[in-house]
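Written below as structure tokens is the structure these notes are about.
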Amino acid sequence: MNISSGRHTVIAFIILIVSIIYLLRIFYLQVIDDSYKLSANNNVLRYVTEYPARGLIYDRHGSLLVYNEPVYDLMITPKQVVPFDTASFCRIIGISEESFIEKFKKAKAYSPVKSSLFEKQLSIETYATLQEKLYQYPGFYVQTRTLRKYPEPIAAHLFGYIGEVDTSITNKDYYYKEGDYIGKSGIELSYEKELRGRRGLRVVMVDVFNREKGSFKNGAYDTIAIAGQNLTLSLDARIQRLGEELLQGKVGSIVAIEPSTGEILAMVSSPSYDPNLLVGRARSKNYATLLKDPYKPLFNRALMAMYPPGSTFKLVMSLVGQQEGVLTPEVRYPCHGGYPPGGGKPKCHSHASGMDLRGAIATSCNSYFSYVFKTVIDNKNYKTIYQSFDRWRTSIANFGIGIKLDADLPHILRGSVPTIPYYDKVFGKQAWKSSTIISLGIGQGELGITPLQNANIIAGIANQGYYMPPHIVKKVGANNAKLPAKLKQKHFMGVAQHYYPAVIDGMQEVMEHGTGASVKIKDITMCGKTGTAQNPHGKDHSMFVAFAPRQNPQIAIAVSVENAGFGATYAAPIASLLIEKYLTDTILRPELFTRIAQSSILPKIEAPKNLSQPDSIKGKPSQTTR
């Protein structure tokens, strides 16, 4: 009896221990370890990212320039995938079976139970076909997102493009995750935070056939996607379109600014491309093709090309000379073929000798402005040439030359201004003087200036003493959010206002009787300056700057056409037509438009042929990226 009782006790104890173990195991599985719960949830719940619509972009008159078009990303949860007919599946979405295997391995390596991108940007046609048969492919589902669309193939460099984030971005900014898109250049980059909006999340229940059966707990855990803010640009699409037409078959750029506000009215870089080329599944292929294009259509010359300013720089020297007290409008300097008189360097074209300041601007006298530069550098108010040269550099920096402008666009170059250490290295310490570097006085030598800087200078002259930071965005969002304070701050150019009228008189004389007279506009008082920038690699560059009308200026413009010769040949007519269109909303000289638009000054080089649709590149070849 005692033995039997002992056995019962042992058995009861064993049962108790086993029961406790089971209870502990059940407690662990149900309360502590959530892997089974997660696995179950992953089988019945789907976490769908709701991508917000990116903000729309309009021009200053309300014309829609950039909108969104729906596309569909194919997502995968590897653990839910069961064997199926991969050949049929691959035919539907347009990939090879080898690609399928590679993508599946990548998704599984990322996470067997988490969703990830399998194939991006399916077209609406592919999506429609796939949706009918999606129940046959457990583990796959479609997620909607949007891509950019451009109703007109203009302003590609200005808009920029968007692309997938990489690890350098996801590691730095936790908002982004794999598969997200971000602005890579242009407005899309500089206004990324305003345009992108905020992601949402939708939790849905699915059945064994991978079909949605409704929201989980009536959407209690859902978050709403918030669309990005719309942008209204200062861009005038009419002027932008016309500028791109006029630069077809040429290498160059156009920048037009409203002087009183600094708002950019047009920014053209040629050759260009259709911005729709860098959208969708063909983006990578097209980008690679454009990148290899010898005409460099991806290069934004308006912001990143540097040219010697040429004779347009004489306007700056006119103002600096007056401010330094070494020049008055009545001062006359001789010119008999160059500086010094008698055919020296720089040489000068034939014109009357002994001009005053207004006449020197009108005739673009190289000799005159060489003398002006000499008097600035040899100014007796400074003890050494180093002091006077430093003062000259500071003076031209006040015009926005050699500094980074406070603009709202990315990738803006500073331009190039030589330094004392540079000249000491080239010529020897204290072994150079004003005559050694005299070419700076006429905008040659080591000076480099971007088209945006050139237009900004003319806007400052139109304002008679200050410029507003050039910017492209006019309004942000429906509530017209304020632009950064730095874009509304006046930048004074360090020259007293009473020194400007004589210079502006000379600019008006350029258009009335000087080098720009052939393109003056009827009933509009236009002030301009032609320039010919020397180019050691080929034919000189055609340059022109102007503003109009003289009273209450509404537009300031800078045009650069590479390898086009004199400023009056191409740059001046282009600027004149754009000003005419902006101020009158018409072209009163159609024959001039036709001549410029239909002329091509580029060597014939075979353009790339393997671009996916759309397959046209506007602007045609580019020869240089100077």
ask   = Cα-Cα over 19 Å: which of 380/433; 120/217; 149/184; 106/149; 149/292; 380/425?
value = 120/217; 106/149; 149/292; 380/425
inquiry  = Just to be sure I understand the model, the point goes 7 Å from the Cα along the line to the Cβ. What's the resulting residue 328 to residue 135 distance in nm?
reply    = 9.5
key: region 424-470 versus region 280-294: alpha-carbon centroid distance in Å   = 37
key: Modelled label reach - residue 488, point 7 Å along Cα→Cβ, region 454-471 residues with backbone N closer than 15 Å   = 468-469, 471
message = What is the ratio of the Cα radius of gyration of region 104-253 to 2.2 N^0.38 Å, with N the residue count, to two decimals?
response = 1.36
ask   = Structure shown: which of 345/374; 193/486; 345/404; 79/172 lie over 23 Å apart, alpha-carbon to alpha-carbon?
value = 345/404; 79/172
key: region 55-104, accessible area per residue, ligands and nucleic acids excluded (1.4 Å, Å²)   = 47
key: FRET E, pair residue 260, residue 591, Förster distance 30 Å, beta-carbon r, rounded to 0.05   = 0.35
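Take peptides 519-527, 556-564, 287-295, 79-87 and line them up by average Cβ neighbours within 10 Å, highest first, as a rough protection proxy. Can you show the working numbers first?
Values: 519-527: 17.9, 556-564: 28.9, 287-295: 16.1, 79-87: 12.4.
Ranking, from highest mean packing down: 556-564, 519-527, 287-295, 79-87.
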task = Rank 158, 181, 139 by how far each Cα sits towards the positive end of the charge dipole of region 136-185 (+1 on Lys, Arg Cβ; -1 on Asp, Glu Cβ) and give me just the farthest.
result = 158
key: Where GluC sites (Glu not before Pro) fall in DSSP loop in region 142-218, at most 12 other Cβ within 10 Å   = 178
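Under Stokes-Einstein, with the Kirkwood radius over Cα pairs standing in for Rh, what whole-number D in µm²/s applies to region 507-583 at 20 °C and 1.002 mPa s?
Here the translational diffusion coefficient equals 176 µm²/s.
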Region 543-565-region 358-406 distance, computed between alpha-carbon centres (Å) = 22
request  = Quote the charge dipole size of the chain about the Cα centre in Debye, to the nearest 20; the model charges only the Cβ of Lys and Arg (+1) and of Asp and Glu (-1).
outcome  = 940
task = Can you spot the aspartates and glutamates whose alpha carbon is less than 15 Å from residue 105's alpha carbon? Ignore those fewer than 8 places along the same chain.
result = 97, 119
message = Can you give the local net charge around residue 336? Use residues other than it whose beta-carbon is closer than 14 angstrom to its beta-carbon, Lys and Arg +1, Asp and Glu -1.
response = +3
inquiry  = I'd like the FRET efficiency for residue 221 and residue 9, computed as 1/(1 + (r/R0)^6) with the beta carbon distance as r and R0 of 41 Å, rounded to 0.05.
reply    = 0.20
remark   = Here the Cα Rg-to-2.2 N^0.38 Å ratio for region 412-509 is 1.47
ask   = Once the dipole of the chain is set up with Lys and Arg at +1 and Asp and Glu at -1 on Cβ about the Cα centre, which of 233, 491, 477 lies farthest towards its positive end?
value = 491
query = Scattering from the C-alpha atoms of region 84-156 alone, worked out with Debye: what is log10 I(q)/I(0) at q = 0.21, 0.28 1/Å?
reply = -1.01, -1.54
inquiry  = Helix-only estimate, please: 222 nm mean residue ellipticity of the chain, summing -39500 (n - 2.57) across DSSP H runs of length 4 or more and dividing by its residues, to the nearest 500.
reply    = -9500 deg cm²/dmol
request  = Sticking with the crude label model, points 7 Å out along Cα→Cβ, report the distance from residue 345 to residue 422 in nm, one decimal please.
outcome  = 1.8
ask   = With r defined as the distance between the Cβ atoms of residue 552 and residue 496 and R0 fixed at 25 Å, what FRET efficiency is calculated, to the nearest 0.05?
value = 0.75
ask   = Any idea how far apart residue 106 and residue 149 come out in nm if each label point goes 7 Å out from Cα toward Cβ?
value = 2.7
inquiry  = How long are the semi-axes of the equivalent ellipsoid of region 259-343, defined as square roots of 5 times the Cα gyration tensor eigenvalues? Whole Å, largest first.
reply    = 46, 19, 8
For Cα extents along the principal axes in Å, calculated from these coordinates, the label among (i) 69, 59, 58; (ii) 138, 56, 44; (iii) 72, 59, 53 = (ii)
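The values are calculated or read from the model by the stated rules, or taken from the named source; none is laboratory data. Since this is a predicted model, take the numbers as computed values, not measurements. Counting neighbours? That spans all protein chains shown, and the Cβs are built from the backbone with ideal geometry, glycine included. For accessibility, only protein heavy atoms count, side chains too; no ligands or nucleic acids. Shrake-Rupley method; radii C 1.70, N 1.55, O 1.52, S 1.80 Å.
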